[in-house]
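Just so you know, all these numbers are worked out from the coordinates, no wet-lab data involved. Because the structure is predicted, anything quoted here is derived from the model rather than measured. Ideal geometry is used to build each Cβ from the backbone, glycine not excepted, and the neighbour counts take in all protein chains shown.
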């Protein structure tokens, strides 16, 4: 097992799995901190992945593909805002509907636009290539992990401290935290919590869109029906576990990403695919259980003032 | 006062009209995108949902509706008790898998095998639901997350079992052997509709009686309306949670068994997951705001959309995924209206209670 | 700045909350607005502050008509409000709370905290306020939180300060400090509006008084032109209920015995606590909200687990029993939060009345409900506790606050258990309901039940209790006999551990 971890090609594959989860979870963190119970990250991701392929196919540029992915995610965020914030729909109901909407719409549009069933790949889809970081190559584990990845991975890494600073020091970050904790305080100060939450949802959509772009135009160069495959749900769990704090999110995303890529690896070692497919979900459950035990232990000790 | 009420009714009607217009608008836009002829598509939709030679399509709709309605009833029991159990899919798969395997390996007269297999399926569904409940009560995993995550392991376990140890290799497909023909549910005379729908009808009847007329149902609903209240007045919340989940899961397991004995006659990999029975069941419950008697009708409605869309695909070239979009958009408009009314009234309450 | 409200009318649906009210607020004056709960005081002030749009009437600042679209407008024109329930963010620091919604933003929209800090220092010095700006609000006492709210108004350069029931959560000493600050504001020429229902405070501080009842202004003028009795009559609209008579009674056996109880609290453990409640006495627990009363009650009722210690009910250990078993053994509980814990608002009155009944046989047949028997029981409660509601099948949400509370009180007292726990039982209900609920609790005591009353209203505790325990910082700071209680002593205990002063604690 250890041998495997030090296998450079394994190490190099970890970021491919970390990036979509991390980006989606950072988006989810915006919602979580703003008091929007958004469990539609799966749908946001999927729409982002699809929009990335559309943008990249028609423009020939992966960057425009990423932009399209962000717009696709923002569009989903606006749908969420319309039905949850403006019309007052229950966030769980709206999330379930959006997840179904994304699944249906991407498959429908895949056939409507590309006339493809199930999957679509074409040389015209321009993907992100690896970015080489000079001077990293000789490091044993860190070298392959942090060198030669897609630009979206580096973006995701930079996004963590930025998000942390945003929540601590930025005007909107402060208001987002207030909207999540005591929105009445915002109302009394003359700021509409609804508007603050709208911004959070839009930001969430953009980040999830980029996560989707990593799936479709950085990891591979194609779109497959339902290609988010539960990663949005894992991001939801990561957000719930960390209560939307960026640095712990980074850690959790790396844990999940490693398990994800590990399961991909051991498949090659002869374990039935069904068992390796299960691993991310079982790992998620295990992390959930461990953390809740740990938290329970802390409250039982009372935590002296 | 009367004019006030009349104008409220009018407002209500207008906003429903606007919602319908929006739904229709979205659909026409999508159809225009693929250049489908509207009229043809619409007639194909209706024909396929309710028509067919000797009403064969209607029968297909009903057969699908039975499964969706069954899942809806299962989910409803949980939701009314305030338990966001979205693991219906896993419970359904557990039921279907166990039903097929039990029927393949149990000895005895066919009727006994059928009965025992259905029972085993219900136990399996209940067990899988209980697992999510135990995770919440004893290990602190929120039910919403735990029940969802449990969908995946059982899906893959089932897939493994019918891909390796219990695979019908000759068929070349990832599926189990056929269950003995004598255990197949018979068709209604002169139709192609199996009697599985009767099992679902019985489950629905049970759910309606349970929700409205039993002490357990009353207590579960109090917990659903306000968990803090249920705890405060000393209702056994933990026990209530587990029992309700077990009932929910048992019904999901029953649906899985009906799918095996009535429709597919074996367990095929993905046969219960791909058609999104569980998710459609959830939105069918949400559509009617958890009113017990309306839930089966709502299931029928969504089944009609799905079979209708399949007809549109065949006759007018509209991808059948339009059904998913249609369902999602309907839920967005309808569920947000229903819960919006709830939120508005609770806000008014809070304002009135505080004493301005 | 001179503020005038002219002919303000506010309706919520069919309910008229404020009807044609006009009054003037002058700089350098304290203007008290008094009235019962539900008289419309808060709504009126919410209009002035831009939180509620009136159906009719105008707001005039220095003779000019103003229209607010949001509180932001009101704040910009120099109005500030401290709400009854503080509008603070617990997880944020004092500084973050104060700048929130008025952030001095620098590059990229990053907040310039150092500029805000130096400005706040100046303001605080000017008014003699001291407060650590970097402490999280969660760790502040209620009194300190109020200082944060006041600072927040000053930071925004408010000229008109509205304070909604500012003393309801303060100890007498903290109240004195607040009033001293308000006097300094008055001297500085600011206008202060004090919303209150405590007449002593009006007499102490106000220059001008407006009395409201049922949404109307019944009297407005200088304090010197009226008297305490006249204001009181104006508030209730007639004669006051007579003072309550207390029958002499020797307490019996202990019904509830708590020994060395420790409970997990939000900011550290609560306890160890020991107390006893005997049959035929009311034991009142006084204290500022958030000093561990809630945790204590949760542990006694079984809603939260005890970390250590023992609880005995009627001589039986119950520490490890769940809520249901404790209730069966003889416990009733009137929770503070009737909207969530006391009632299921979406259910009918009948369903609420029958929940948690011990005699399930009386309204079931086998596993099935006997709806008629349930309705009969609910009708009985409605009659006996004079609950105004459409009937057993009406939704609980349709009742007024006072009637909701009567339903909770009725359901719990009808169980006739040896122990009754009442947590702020009259919070936010009208005077008629308060009087009725107090009467019922006294009746229970006289009939030999043990009553444990937790209230943040010192007057309520003093009026009802045979013995008073004061809680501070998760511990019992002292005990006073009901007959010997005075506000000053209790007030001191509310802010300090007074073990030394009173060695004979419970």
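Length, then width, then depth: along the principal axes, the Cα atoms of region A:1-150 run 56, 38, 27 Å. Note on chain C: antiparallel DSSP beta bridges, both residues inside, total approximately 60 percent of the bridges counted.
Overall, the ratio between the Cα radius of gyration of chain C and 2.2 N^0.38 Å, rounded to two decimals, is 1.04. The order of the peptides C:253-259, B:280-286 by mean Cβ neighbours within 10 Å, most packed first, is B:280-286, C:253-259.
Packing here is the average count of other Cβ atoms within 10 Å per residue, and on that basis the peptides A:187-194, A:14-21, highest first, run A:14-21, A:187-194. Inter-chain Cβ neighbour count for C:389-401, averaged per residue, equals 2 (cutoff 10 Å, partner chain atoms only). The angle between the Cα long axis of helix C:172-187 and the main principal axis of chain C comes to about 20°, on a 0 to 90 degree scale.
Taking the fewest neighbouring Cβ atoms within 10 Å as the starting point, the ordered list for A:122, C:322 is A:122, C:322.
Direction-averaged projected area, Cα convex hull, region B:54-132: 6.7 nm², rounded to one decimal. Kirkwood radius, region A:213-305, all distinct C-alpha pairs, inverse of mean reciprocal distance: 15.2 Å. Pairwise Cα distances in region A:75-173 exceed 18 Å for 72 percent of all pairs.
Is the C-alpha gyration tensor of region B:13-167 telling us rounded, prolate or oblate? Criteria: a/c under 1.5 is rounded; beyond that, a/b larger than b/c is prolate, otherwise oblate. Judged from the Cα gyration tensor, region B:13-167 comes out oblate (a/c at least 1.5, b/c at or above a/b). For chain C, the longest principal axis of the alpha carbon atoms and the long axis of helix C:401-413 meet at an angle near 20°. Just so you know, the Rg over Rh for region C:322-414 is 0.95, from Cα atoms, with Rh as the Kirkwood radius. Take each residue in C:149-156, count the other chain C-beta atoms within 10 Å of its C-beta, and the mean is 1.
Beta-bridge orientation, the protein assembly as shown: approximately 60 percent antiparallel, per DSSP, counting only bridges with both partners inside.
Residue order for B:260, A:145, fewest other beta carbons within 10 angstrom first, comes to A:145, B:260. The alpha carbons of region A:43-93 stretch over 40, 15, 12 Å along the principal axes, in descending order.
Shape index of chain A: Rg/Rh, with Rg the Cα radius of gyration and Rh the Kirkwood radius from the inverse mean 1/r over Cα pairs, equals 0.98.
The distance from the alpha carbon centre of region C:378-410 to that of region C:68-128 is 43 Å, rounded to a whole number. For region C:3-236, the fraction of C-alpha pairs farther apart than 27 angstrom is 35 percent. For region C:355-506, dividing the convex hull volume of the Cα atoms by the residue count gives 143 Å³ per residue. At what distance in angstrom do the alpha carbon centres of region B:135-160 and region B:217-239 lie from each other? When both Cα centres are located, 24 Å separates them. Among B:214, C:171, the ranking by other beta carbons within 10 Å of each residue's beta carbon, starting with the fewest, stands as B:214, C:171.
With helices as the sole contributors, the protein assembly as shown gives -18000 deg cm²/dmol at 222 nm; each DSSP H run of n ≥ 4 counts as -39500 (n - 2.57), and the sum is divided by every residue. Across all directions, the average projected area of the convex hull around the alpha carbons of chain B is 22.6 nm².
Size of the protein assembly as shown: Rg and Dmax of its alpha carbons, in Å, are 32.6, 103. If you sort the three axes of the alpha carbon gyration tensor as a ≥ b ≥ c, you get a/c of 1.5 or more for region B:127-218 and a/b no higher than b/c, which makes it oblate. The alpha carbons of region C:33-129 stretch over 43, 29, 27 Å along the principal axes, in descending order.
Inter-chain Cβ neighbour count for C:68-77, averaged per residue, equals 2 (cutoff 10 Å, partner chain atoms only). What shape does region C:164-303 take by its C-alpha gyration tensor, where a ≥ b ≥ c are the square roots of the eigenvalues and a/c under 1.5 counts as rounded, a/b above b/c as prolate, and the rest as oblate? Judged from the Cα gyration tensor, region C:164-303 comes out oblate (a/c at least 1.5, b/c at or above a/b).
Projection of the Cα convex hull of region A:118-197, averaged over all directions and equal to a quarter of that hull's surface, yields 10.1 nm². Distance between the C-alpha centres of region B:280-337 and region A:56-80: 28 Å, rounded to the whole angstrom.
Counting every pair of alpha carbons in region C:257-329, the share spaced more than 13 Å apart comes to 65 percent. When each of the peptides C:106-112, C:323-329, B:68-74, B:78-84 is scored by the mean number of other C-beta atoms lying within 10 Å of its residues, the order from highest to lowest reads B:68-74, B:78-84, C:323-329, C:106-112.
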